[in-house]
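Accompanying notes for the structure given below.
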Amino acid sequence: MYLIDTHCHLNDVEAFPNVDEVVRDADDMDVKKLLVVGIDRETNAKAIDLAEKHETVYAIVGWHPNYAKTWDSKYLKNLEEYYNHPKVVAIGEIGLDYYWDYATKEEQEKCFRDQLVLARDIDAPVVFHCREALDALLSLLESEPIHPYLFHCFSGDASDANRALNLGAYFGVDGPITYKKNDDLREVIKSLPKDRIVLETDAPWLTPVPHRGKTNVPEYLVYINRELAKLWDCTEEESGRISTENALQFFPKLESSVGR
Ligand SMILES: [Zn+2]
């Protein structure tokens with residue numbers, strides 16, 4: 001059994017000045033694959049750079065809604081080229097963010113739709129970022145053809161979860177399921193089909209218990225898996241195995257073998 005961190009930002013150079021060490025520590029804790037997610041031009045390039053340097057690192061490339069102001073349709077060409085890279089496994093994180101107002105709703109929607117169309121054209125799975133905009137995002141997707149979708153850091157209620165399930169979506173589970181106050185979230189996650197759940201840290205953000213207050217790192221994925229095992233009433237081995245199988249299913253370009 002090994003774990004896959006399906007969403008982390010080791011391309012954040014301020015938070016991670018020493019990626020070598022972070023990758024090694026993760027490996028020691030059986031976190032054997034790390035998917036590094038881009039949010040703009042620079043971080044996409046950095047994600048690919050890290051994927052080339054580290055055997056266990058893969059990249060996801062896209063334009064985050066908070067950076068929609070810098071989006072230009074000409075970048076579709078770059079994203080398409082990036083996706084030809086053997087270690088680029090999805091388009092993301094893309095979506096809507098109504099919490100911050102770095103870009104207008106119109107700018108966000110344009111940036112999002114452009115990339116969604118591209119992802120469909122090149123047959124790439126899509127990873128969503130969505131903050132305080134779940135209804136808008138779901139409504140938008142409900143009028144589009146079905147495509148492989150992963151809701152990173154899913155934080156909706158049971159009805160949102162049902163709508164997402166009707167779209168065939170996967171759900172990213174991270175640090176917040178370990179937070180004491182989040183009984184409702186745990187209930188929702190528990191109610192989802194087990195074959196739709198993948199693990200992620202969103203490092204350096206969303207540090208799980210018992211390390212809150214520190215910078216999050218991929219090795220902390222073990223705490224998230226431990227909480228998932230509790231919810232599923234199974235061993236960590238079992239929840240790890242299932243979530244890893246799900247990740248391999250969702251990201252077809254991810255190789256299942258580990259090590260040399
Ligand atoms: Zn992220």
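Within region 201-259, the residues that satisfy the criterion of being of a type in the set (K, R) and outside any loop (DSSP other than H, G, I, E, B) are R226, K230, R241. Under the condition of being touching a Ser or Thr at 6+ places or on another chain (Cβ under 6 Å) and free of Cβ contacts under 8 Å to residues at least 60 places away in the same chain, which residue from region 176-208 is nearest to the ligand (Cβ to nearest atom)? Among them, the one singled out is P208. Looking for something more than 17 Å from F251 (Cα to Cα), without any contact (Cβ under 8 Å) to a residue 60 or more places away in the chain and under 14 Å from the mean Cα position of the chain (by Cα) - is there at least one such residue anywhere in region 112-122? No: region 112-122 contains no residue that is more than 17 Å from F251 (Cα to Cα), without any contact (Cβ under 8 Å) to a residue 60 or more places away in the chain and under 14 Å from the mean Cα position of the chain (by Cα). Can you spot a residue in region 142-160 that is part of a helix (DSSP H, G or I), within 18 Å of the chain's Cα centre (by Cα) and buried (at least 19 other Cβ atoms within 10 Å of the Cβ)? Among the residues of region 142-160, not one is part of a helix (DSSP H, G or I), within 18 Å of the chain's Cα centre (by Cα) and buried (at least 19 other Cβ atoms within 10 Å of the Cβ), which makes the answer no.
Yes/no per residue for (1) at pLDDT 95 or above; (2) more than 28 Å from E106 (Cα to Cα); (3) more than 17 Å from the chain's Cα centre (by Cα):
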residue: Y2; (1), (2), (3): yes, yes, yes
residue: A15; (1), (2), (3): yes, yes, yes
residue: D20; (1), (2), (3): yes, yes, yes
residue: D25; (1), (2), (3): yes, yes, yes
residue: I39; (1), (2), (3): yes, no, no
residue: T43; (1), (2), (3): yes, no, no
residue: E80; (1), (2), (3): yes, no, yes
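Residues of region 114-139 being part of a helix (DSSP H, G or I) and touching a Leu at 6+ places or on another chain (Cβ under 8 Å), which ones? Answer for region 114-139, where residues must be part of a helix (DSSP H, G or I) and touching a Leu at 6+ places or on another chain (Cβ under 8 Å): D114, Q115, L118, A136, L137, L138.
The values are calculated or read from the model by the stated rules, or taken from the named source; none is laboratory data. Not measured: the values here are computed from a predicted model. Positions of Cβ are generated from backbone atoms using ideal geometry, with glycine treated the same way; all protein chains shown enter the neighbour counts.
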